[in-house]
Structures are given as structure tokens and as C-alpha cells.
Amino acid sequence: MTKRNTIQRQLVIAAVRFLADHPTAEEVYDRITMEYPDISKGTVYRNLNSLVESGLLGKVSVPSGVDRFEHILTRHYHIKCTHCGMFMNVEDMDYIEGLDEKVGEVTGFKMEDHDIVFNGVCPECQKLEAKEKN
């Protein structure tokens, strides 16, 4: 059964694209309510999950954090600053093809998918740390 392309779905996709840098569901909701204050949080959350299931948006599960959404659907890695929380794509790094299969072979798991989120301190936070030390 094909999902209808409702105005709510269009608003959610547009908000994720506008926010660009892996917004949370709450950030998507906040963005939409700036122009459409009557939309419910449940509607936004349902549409986010439906769009992920349909393959029109991606979802990144962040360990010890909230899920983030994205419109870039090619496989890639992410990095999160452990100080300021900035979350972004790792650019200019090849995606390791066959990683799921290799992990499955080693563990006996039937692999479905994976999310890799690298954690570190971003350049801006490093600068702030260096200033505070001086």
C-alpha cells in the first residue's frame, strides 16, 4: 500500500532538509510549528517514522542520545562532539562495504543494518579548551 503524500509529510521532509544537520524529532517539530503552530507533535513524530520506513528519510540511532534524522540517504558515517553536541557527517571518507556481512560472519548474527557514530572533541571546543588552559 502506497502512503499518501500529505501536506504533513511534505512539511516534515522540508524541515529535515532545511535543518540539514541531522535534526532531532523535537527540532523538526519546532521548525514546523514556526509556520504551522496547529500541527501536533504526534503528527510530526508519526510522519518522521513513516518517512524513515518508506526510505524517504534516514534515521541515525545515537547511543546515549536521541535519534537524528537526515535527508542524505547514501551510506556514510557520523561524528558527534562530546562537549558541545555538534553532530555531522564524516566527509571524504569511504564507506566500508561488506561490514555488516563481516560482523555477521564473526558473531553468527543475521545482520540488518548498523550506525557508526564517532565521538570526539570538535575543533571549536578544542580551541576553547586551549584558551581556558592559558
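The values are calculated or read from the model by the stated rules, or taken from the named source; none is laboratory data. Model, not experiment: these values are computed from the prediction. For neighbour counting, all protein chains shown are included, and Cβ atoms are generated from backbone atoms with ideal geometry for every residue, glycine included. Only protein heavy atoms, including side chains, enter the accessible area calculation; ligands, DNA and RNA are left aside. Shrake-Rupley method; radii C 1.70, N 1.55, O 1.52, S 1.80 Å.
Condition check ((1) more than 19 Å from Asp115 (Cβ to Cβ); (2) in contact with an Asp or Glu (Cβ under 8 Å, 6 or more places away or on another chain)) across all residues:
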position	(1), (2)
Ala20	no, no
Tyr36	yes, no
Asn47	yes, no
Leu57	no, yes
Pro63	no, no
Phe87	no, yes
Does the stretch 63-74 contain at least one residue that is over 15 Å from the mean Cα position of the chain (by Cα), open to solvent by less than 40 Å² (accessible area, probe 1.4 Å), in contact (Cβ under 8 Å) with a residue 40 or more places away in the chain and over 27 Å from Gln126 (Cβ atoms)?
no
Identify all residues within the stretch 110-124 that are closer than 20 Å to Val62 by Cα and not in a strand (DSSP E or B); write none if there are none.
Met111, Glu112, Asp113, His114, Asp115, Ile116, Val121, Cys122
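Yes/no matrix, rows are residues, columns are (1) farther than 24 Å from Ile13 by Cβ; (2) not hydroxyl-bearing (Ser, Thr, Tyr):
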site: Thr24; (1), (2): no, no
site: Ile32; (1), (2): no, yes
site: Asp38; (1), (2): no, yes
site: Glu53; (1), (2): no, yes
site: Asn89; (1), (2): no, yes
site: Glu97; (1), (2): yes, yes
site: Asp100; (1), (2): yes, yes
site: Gly104; (1), (2): yes, yes
Residue pairs within 8 Å by beta carbon, gap of at least six or interchain, first lying in the stretch 42-58 and free of Cβ contacts under 8 Å to residues at least 40 places away in the same chain and more than 11 Å from Phe69 (Cα to Cα), second open to solvent by 40 Å² or more (accessible area, probe 1.4 Å) and outside any helix (DSSP H, G or I), listed first then second, are Gly55/Leu73
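Taking into account only those residues within the stretch 86-109 that are assigned to a loop (DSSP other than H, G, I, E, B) and modelled with pLDDT of 95 or more, which is least open to solvent (accessible area, probe 1.4 Å)? Before you say what the answer is, go through the steps one by one.
From the stretch 86-109, those assigned to a loop (DSSP other than H, G, I, E, B) are 86, 90-98, 108-109; that's our starting set.
Imposing the further condition that a residue be modelled with pLDDT of 95 or more reduces the set to 108-109.
Values: Gly108: 69, Phe109: 143 Å².
Ranking the qualifying residues of the stretch 86-109, first place goes to Gly108.
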So Ile32, is it in a loop (DSSP other than H, G, I, E, B), touching a residue at least 12 places away in the same chain (Cβ under 8 Å) and among the β-branched types (Val, Ile, Thr)
no
Out of all the residues in the stretch 18-28, is one or more among the aliphatic types (A, V, I, L, M), in a loop (DSSP other than H, G, I, E, B) and open to solvent by 70 Å² or more (accessible area, probe 1.4 Å)?
no
Report every pair of residues separated by at least 6 positions or lying on different chains whose Cβ atoms are under 9 Å apart, first residue within the stretch 82-93 and closer than 10 Å to His22 by Cα, second modelled with pLDDT of 90 or more and open to solvent by 90 Å² or more (accessible area, probe 1.4 Å).
Met86/Glu124
